[in-house]
Every structure is written in structure tokens, then in C-alpha cells.
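Right, one structure below, let's go through it.
FYI, it's all coordinate maths here, none of it is from the lab. Predicted, not measured: the structure shown is a model, and the values here were computed from it. Cβ atoms come from the backbone with ideal geometry, glycine included; neighbour counts cover every protein chain shown.
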Amino acid sequence: MSSKPVTTYQCGTLTYTLPRLFFVLFWVVIGSAVIAVGTQLPSIMLPVQLKELGISETMKVFLLTTIGQVLNMTVCPYIGVASDWHRGKWGRRIPYIFLSTPPIVLSLVMFGLSGQIGSRLAAWTGAAPVTMTVVAIGLAMFLFQFFNMWVNSVIWYIFNDIIPVKFFGASMAAFKIGLTAGPSLFHYFLFKYVAEHPTLLYFGIAGLYLVGVMLFCLFVKEGEYPPLTEEQLAAKQKPFAERMLGKFRGLGTFIKESFCGRIYIYRYLFQITNACVTCGFLFALYQYQELGLTDDMIGKLNGLNGIIGSVGILIVSVLAAGVVNRWHPLRVDIYFYFFMATTTPLYLRWIFGTLPPQVFLWMGIANTVCALFINGVDQICNLPAQMLLFPKSRFGSYCSMQALLRSTCFMLVSILCGGLFDLLKAHYATTLGNDQFAFRYVMPWTIPWHLIAPVFGFLLYREWGRNGGLRNYAAPASWEPSGHEQMEVLPVNPVSPRGLLRCLPIIDAVFAFFTILMPLYAIWHCHWRTGVATPDGIAFFNHLCSGGEPELLWQYLIVPTLLVLMADAVWLSLRLRISRRSRRILSGDEQNQGLLHPAMALVVLLTGSAQVLNALCGNTFATGKIGYVTNILASATMLMLAIVLMILSSMEHGLPQPDEPET
């Protein structure tokens, strides 16, 4: 009897059996976990060390971001292009990871000894020990970031070279699990020791990084790449000075190719605004401390959130990876950032009050659980979306331009952010006698960026549709005679109007639930949390409506109810339009030109609604101004969810659809 042939999967010259592919993915998890904890260690530990030194927020921004971003702007583009051109027996990406390891390990050791190095420098120069400690940290940061850019320049590109297209989602899941699991375990078990034992932690992680990255380079193999053209070979054999001059001459070509289509401009702007969201997170540690959390609680919060995020990625990759591919990674990525915009009203509540630290801790964990699925989906879709958007022949170059622009803007906006927090600290030191109150604006800082990013996501999605989209996307390519480079297209099915109609009652139920819940909750919360002595809820309601406590009536009942009713009006308007269009498509009177994706719409709506419920549950423990403010902001979130569904429906309409109907 003949044995069943073994199924193999191809990526360039690499051939995998399924066990071999799983072996590679295992080392992707290990390698990414070690790389993540090693390369994120300074950003985790330095805020604690720098706070003890008493330097300004602007100086903290310079040390934590500006040095890295300047190197990102200069080193990353060079390494990205150089790795595209490199040919060697170890491949074109692995050598850069391998050679960067010893300097990164050395720099981690220097961080651990920065206090001792600063004291020695102060003794030699006569400068203040704090000043020279900052100098020592700056030198260690320069060395660390210079070689960290080598890793960051190529680690994201390697999957395009070694993983078959069919397994992009699984490989990204493995990579993201490692990226989140490493730092999460550090936070959960070790963050509470950062202030007391920084040197020991730096030394231990440096050793772990050395061993882990060496094993990653040993077991993850690249294949053979097409040989360089005669022109490229001739360029490599020229003297160094002439080669550098040629690189400067080639800068014009690099820029021209990077901006040869509007779709790339929208992608760059989309990524820039998403990066600006994170500028304020440099001060997240101080926000948690201002809200009353201990270092142990902060470590547990960050650690558990990361572990839950890893579980979400694992669940999505095992149970829903195929479904996610049918939704298309680019669509998922853009829907996710629309979801992020819906929850921005709730970011304002911490300005108005504080919850008990334990409540804040469990609310933060509950929020992560609520967003478990949508975060997991986005984590495994982000890089595949990029792989399916940028031309494969110039993938490293386009990623380098994106990194250059993102780093430039991130650096400038981070400096602005640091200056803003310095001003806020000065203001609240004078008005409240507590300069740390300024860090309650960490989350409000993200609001404008969360609202701008979906605008560019909308434009990106529409432009992608104009270039073939779901049906036959071809990337704009000025170097091709046709002006486009044909891309591999995922088998994505069009939205079924019948399936969309089935989902409408579920969305109706969600909005109806909150229409009933918000006023009832407002009355209950006002009655039981304001200390007004009335016999029961009905009597209290009559008391409000008869003119008693008019301020409470307005704050707790009228404003939240009006906002929820506005959300209902927006949804009903959209529902009528969707129903009409879907029925016309089913009757054959209209062509299917794109409909709101029902599954993703439900994910966005249900996730946002769960976070609203979580906010209301936490609000049960609130007293004072934060109580009624949270009620209003929760209702505003429901209005944002309705508006986002309307925008997403508009975004999908009129784009080319795949040929096969959804079953």
C-alpha cells in the first residue's frame, strides 16, 4: 500500500512540512519573547529610575524617545534597504539580529551600572552626580538604540521571507504572543523589584537576551534569494566613498518610489497618528501612581493585561484565524481603530475623580477581557495587512520609509507631550498643591489622535478599493511598465446581504438595552450614591421631576438619556438604509457594491458595549463629580458607536467585491 504523500508548504526556496513549520513558529515565540523583554526593558525600568533623579518630563522624553527616534530615522532606513540587498549563507535578515546582540547586552549592563558610572564621572569631572548619571544613561541609551534599530529594522520583515502566505496569520499570532508574553511575565513577577534591585534585573535580562537570541538565530533559517542584478553587484563593488555617494543619489529614487501612490501616503499618515497615541504612555506609570496604585498593583495590572492579550491572540489564531483571513487583515485593522475611537469619551473621567485603587485595578483587567477578541484579531492582522499592501519587491524599503516618517513625527510630538506635562505639573502644583495630578491627562492626550487615525484609515481603505481591493489589488509601482505590481490576493468573500439582515435585530437589541438601562441606572446611581434621603427609587424620581434637586436631574438623568436617544436615532437611520439596500440586492434590483461587514460590526458594537457596562459597574463605587460624569461619558460612547457604524457602512459602499458569494 502506498503511503499518503506528505503535504508541504513553500515560501521561496524554503519547503516546510507541518511539523517543521510548527518548530519554526515555536522558536519565533521564544525569540520574540526574549527580544521583546530585552528591548523593552529600558522603557519599563527607566521611568522609575528617572523619577528618583527628579529631572523634567521633557528630559525624560529626550532620554526615552528622542534618542531612539533620531536613530530610527537614520539607521532603520539604511538597515532596511541594506538587508534587502544582502546575500549570505545565513540569509539577509538573521545576520543583523546576530551581530546586534553583543552591543545590546553591553548596553543593558551599562543601564544597570548607570548610578556607579555617574558617580565615577562626577568624581572625575566635578559635575553633580545626578547630571553625570543622566549622561551615563544617555550614553547607554545611544548604544542600546543604535543596535536595537538593527533588530527592529529586520525582525518585522523576516516573516515575509520565511513564512508561506497561507500561514501569515499563524506566524503573526506566534510572534505577537511572544512580544506580549515576555514583558507581561516581567511585569507580573518582577516589576515590584524595579526600584530596589535595578542592577540585578538588568544583568539577568541581559544574560537571558544573549542566550535566547543566539538560539533564535540558530534554529530559524532563511532560504536562498534571487541573485542581485548586474547593476546591484557593480554598485556593491565600488569604493566606499563612491557607494555612499551613490546611496545619496539613490535617495531620490527611494523617496519617489515610496510616494508613488496615494495609498502609501494614507498608510503613512494612518501609522503616524496611531504612533502619536502612544506618546503619552511614557507617563502611564505616573498616572497609575497618581490614581493610588502601588508598584506591585501596577506590575500585576500590566502583567495580567499582557497575559490576557496573549490568550486572546492564541484563541483567535486557533479558533478564528481562517475566519479572520476571510474578513481580510486590512479591513480588520481599520475597523479596530474605529473601535478605539468609540471609547475615547470614557478617557476623560479620571480628571473628575478617583475610584478605589483595587476597583481601578479590576476595571482595567475587565476592560482587557472585554476587548480580548478584537485586540487579538488586530494583533495578528496588523503585519499581514502591511504585507498585503506594500509591494513585495520593495517591502523593506516601504517599511523603512514608514518607520522614518513615523519616528520623525513621534519624536516631535513626544517633545510637545513632555512640554505639555511640564506645564500641567506647574499649573497643578500652584492650584492644587499636587503636580502629579497632571498625569491624569495621560488618557485624554490620546483622544485627538484616536479620532484622527480613523480618518486616514477611511481614506486608505477607499484608495485600496480603487486599486482593486478585495477582488484583485495591485500595488502602485512606478518601476513597473504597467504602473502596478500585482499582489497575492486572499480568498475573501463578499458580505452576504441576507447575513447582514440577520444581524440587524442583534444590534437593535443592544441599542434598546442601553436605552432602557441608562436612565434606570442614572436614577439608581443618583439615589444611592448622592446621599439624598428618599424612601425608594420611584419616590426619588418623582422628587426630581417635581423640581427637587434640578442639578441632579440634569446631570444624572437628562443628559445621559438624551445622548442615548441620539444614538438610537443615528442607528435607526442607518438601519433603514441598510435594510433597503440589502433587500434590493436580494431582489436583483441592485448590484452588491459593498455592505457593512456584519461580523466585524457586531464585534465593534459588543466590545464597546461591554466596556460601557464595565465603566458603569466601576462607577457603582464612585462618589461626587466622577459619578455623574461617567454616566454622561458612557452614554456618549454609545452615540460614538452608532456614528462609527454609519461611517463604516459608508466606507464599504461602492468598492469592488470578490466574485464568489458568501455561503
- request: With runs of 4+ DSSP H residues as the only contributors, calculate the mean residue ellipticity of the chain at 222 nm using -39,500 (n - 2.57) per run, divided by the residue total and rounded to the nearest 500.
  value: -24500 deg cm²/dmol
- request: May I ask you to list the residues of the stretch 43-86 whose amide nitrogen lies under 18 Å from a point 7 Å from Cα along the Cα→beta-carbon direction of TYR193?
  value: 44-46, 48-49
query: Modelled label-to-label distance, LEU251 and LEU99, 7 Å Cα→beta-carbon offset: nm?
result: 2.2 nm
task: Could you calculate the contour length gain from SER573 to LYS392, that is, 0.36 nm times the residue separation minus the distance between their Cα atoms, to one decimal place in nm?
output: 60.9 nm
- request: Evaluate the charge dipole of the chain about its Cα centre and quote only its size in Debye, nearest 20, assuming +1 on the Cβ of each Lys and Arg and -1 on the Cβ of each Asp and Glu.
  value: 1020 debye
task: Please work out the Cα center distance from the stretch 126-142 to the stretch 493-520, rounded to the nearest Å.
output: 58 Å
field: Two-site FRET efficiency, TYR9 against THR561, from Cβ-Cβ distance with R₀ of 60 Å, rounded to 0.05
entry: 0.60
message: Which order do the peptides 381-389, 482-490 come out in when sorted by mean C-beta neighbours inside 10 angstrom, highest first?
response: 381-389, 482-490
message: Loop by DSSP (not H, G, I, E, B), at most 15 other beta-carbon atoms within 10 Å: where is the longest site-free stretch of the chain for trypsin sites (Lys or Arg not before Pro)?
response: 222-663
field: Extension gain (nm, one decimal) between VAL70 and ARG20, 0.36 nm per residue minus Cα-Cα
entry: 14.1 nm
task: Grab the beta carbon distance between SER43 and GLN358, set R0 = 22 Å, and tell me the FRET efficiency rounded to 0.05.
output: 0.25
task: State the Cα centre-to-centre distance between the stretch 586-648 and the stretch 164-235 in whole Å.
output: 37 Å
task: Starting from the Cα gyration tensor of the stretch 49-100, take the square roots of the eigenvalues, sort them a ≥ b ≥ c, and report rounded, prolate or oblate (rounded when a/c is under 1.5, otherwise prolate if a/b is larger than b/c, else oblate).
output: oblate
statement: Contour minus Cα-Cα span, ALA509 to LEU432, at 0.36 nm per residue, comes to 23.2 nm
Listed residues ILE155, THR278, LEU606: farthest to the positive end of the dipole of the chain (Cβ charges): ILE155
message: Can you match mean projected area of the Cα convex hull in nm² to one of these, (i) 32.5; (ii) 36.4; (iii) 42.3, based on a calculation from the structure here?
response: (ii)
field: Virtual spin-label span in nm between LEU520 and LEU586, 7 Å along Cα→Cβ
entry: 3.1 nm
message: Once you place label points 7 Å from the Cα toward the Cβ at GLU488 and VAL455, how far apart are they in nm?
response: 3.6 nm
- prompt: So which of LYS89/LYS166; LYS89/LYS176; LYS256/LYS392; LYS221/LYS392 end up more than 23 Å apart by C-alpha?
  reply: LYS89/LYS166; LYS89/LYS176
